[in-house]
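Engineer: Could you have a look at this structure, given as structure tokens, before my questions?
The values are calculated or read from the model by the stated rules, or taken from the named source; none is laboratory data. Remember, predicted model here, so these are calculated numbers, not experimental data. Here the Cβ is made from the backbone with ideal geometry for all residues, glycine too, and neighbour counts use every protein chain on show. The protein model used for the area step is the full one, side chains on, heavy atoms only, and it has no ligands, DNA or RNA in it. Shrake-Rupley method; radii C 1.70, N 1.55, O 1.52, S 1.80 Å.
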Amino acid sequence: MPLLQLEGVSKRFGRVVVADEITFQLEEGTSTGVVGPNGAGKTSLFGIISGDTKQDDGSVHFDGRSLGSLTAPARCRLGVGRTYQIPQPFEHMTVFENALLAAQQGAREHGHESYELAYASLERSGLAELANSPAGSLGLLQRKRLELARALATKPRLLLLDEIAGGLTDLEVVELTSVIRELQQDGLTILWIEHVVRALLSTVDRLLCLANGEIVADGEPRQVLASEAVRRVYLGGAIINEPTAI
Ligand SMILES: Nc1ncnc2c1ncn2[C@@H]1O[C@H](COP(=O)(O)OP(=O)(O)O)[C@@H](O)[C@H]1O
Ligand SMILES: [Mg+2]
């Protein structure tokens, strides 16, 4: 049974179609990238999976269970974790408190266990040294790391990453990608929206390209990038970054 299954999912905001009968599934333990131009519906797709956005039609199943009637917090507790394109931590709380809240609310851990889970998530994300800093004092890379730590502290089985490498320097991208690859090696199922294609290529084994709410290409990453459909979507322009080794 696939871990995630979308069947005929459609969603529009007024006249803007953000999902047009989207059907795909993810097997447990796989890593899949998502590319597509701005406005393609990538973030909306994450919202539909995580429960932040309600679809008009179609179904989403997680581990064989329909998510249709479940709120975002309930989906999180089932194991759907996500990061947000624009990090919005609780600025006046410390980095540790942000992770702790995720462990207590998302993973339903209490007392000692919640502290251990929060700290372990910060360690995994490379933020342990900043545990006592106010989240509001963090720079962009650290905010991205905190997004990841908060998602991990909810004990996800599926991790949705929304442009976690966006806006970072090359070196920062390399650092963050190596963290994500470790999570992948631990068997976490990953769905990763990213414009930094070389980060995706070093990690994912499948790539989806979304345009106007439709999956226009799906398959082996390099083949997808070279496909006619993807070239058309990007109007013949280079798709952001040449794939270089990380
Ligand atoms: N809550 C909303 N209300 C109205 N329009 C929205 C909403 N969320 C997204 N959109 C619109 O839907 C389109 C797709 O947005 P989004 O899913 O964020 O795309 P992407 O992440 O691929 O850039 C955009 O045109 C955006 O303006
Ligand atoms: Mg987006």
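Engineer: Among GLU163, GLU242, GLU228, GLU194, which is modelled with pLDDT under 95 and either in contact with a helix residue (DSSP H, G or I) (Cβ under 9 Å, 6 or more places away or on another chain) or under 16 Å from THR43 (Cβ atoms) (or both)? Even if it seems obvious, please write down each step before you answer.
Structural biologist: Numbers: GLU163 fails: modelled with pLDDT under 95; GLU228 fails: either in contact with a helix residue (DSSP H, G or I) (Cβ under 9 Å, 6 or more places away or on another chain) or under 16 Å from THR43 (Cβ atoms) (or both); GLU194 fails: modelled with pLDDT under 95.
On inspection, the qualifying residue turns out to be GLU242.
Engineer: Could you check, for the range 173-183, whether at least one of its residues is assigned to a loop (DSSP other than H, G, I, E, B), within 22 Å of LEU3 (Cα to Cα) and open to solvent by 10 Å² or more (accessible area, probe 1.4 Å)?
Structural biologist: Initially, the range 173-183 is screened for residues assigned to a loop (DSSP other than H, G, I, E, B), giving none.
Checking the range 173-183: not a single residue is assigned to a loop (DSSP other than H, G, I, E, B), within 22 Å of LEU3 (Cα to Cα) and open to solvent by 10 Å² or more (accessible area, probe 1.4 Å).
Engineer: Can you tell me how many residues in the range 98-117 are open to solvent by less than 30 Å² (accessible area, probe 1.4 Å) and among the polar types (S, T, N, Q)?
Structural biologist: 2
Engineer: Pick from ALA120, ALA199, ALA165: which is outside the structural domain of ARG12 (by TED's automatic domain parsing) and either assigned to a helix (DSSP H, G or I) or open to solvent by less than 20 Å² (accessible area, probe 1.4 Å) (or both)? Steps first, please.
Structural biologist: Working: ALA199 fails: outside the structural domain of ARG12 (by TED's automatic domain parsing); ALA165 fails: outside the structural domain of ARG12 (by TED's automatic domain parsing).
On inspection, the qualifying residue turns out to be ALA120.
Engineer: With LYS42, LYS11 as the choices, which residue is open to solvent by less than 40 Å² (accessible area, probe 1.4 Å), within 16 Å of ligand 1 (Cβ to nearest atom) and more than 17 Å from the chain's Cα centre (by Cα)? Step through it out loud before you land on a result.
Structural biologist: Working: LYS42 fails: more than 17 Å from the chain's Cα centre (by Cα).
Result of the check over LYS42, LYS11: LYS11.
Engineer: Tell me which residues, restricted to the range 102-117, are in contact (Cβ under 8 Å) with a residue 12 or more places away in the chain and in a helix (DSSP H, G or I).
Structural biologist: Across the range 102-117, the qualifying residues are ALA102, ALA103, GLN105, SER114, TYR115, LEU117.
Engineer: Same structure, new question: Can you tell me which residues in the range 45-86 are within 16 Å of ligand 2 (Cβ to nearest atom), open to solvent by less than 20 Å² (accessible area, probe 1.4 Å) and in contact (Cβ under 8 Å) with a residue 24 or more places away in the chain? Walk me through it before giving the result.
Structural biologist: Just the residues of the range 45-86 that are within 16 Å of ligand 2 (Cβ to nearest atom), to begin with: 45-50, 52-53, 82-86.
After this cut, where a residue has to be open to solvent by less than 20 Å² (accessible area, probe 1.4 Å) as well, the list is 45-50, 83.
Hits for the range 45-86 are LEU45, PHE46, ILE48, ILE49, SER50, THR83.
Engineer: From the list SER125, SER121, SER114, pick out the single residue that is in contact with a Lys or Arg (Cβ under 7 Å, 6 or more places away or on another chain) and over 25 Å from ILE48 (Cβ atoms). First the steps, then the outcome.
Structural biologist: Values: SER121 fails: in contact with a Lys or Arg (Cβ under 7 Å, 6 or more places away or on another chain); SER114 fails: in contact with a Lys or Arg (Cβ under 7 Å, 6 or more places away or on another chain).
One residue alone meets the criteria, SER125.
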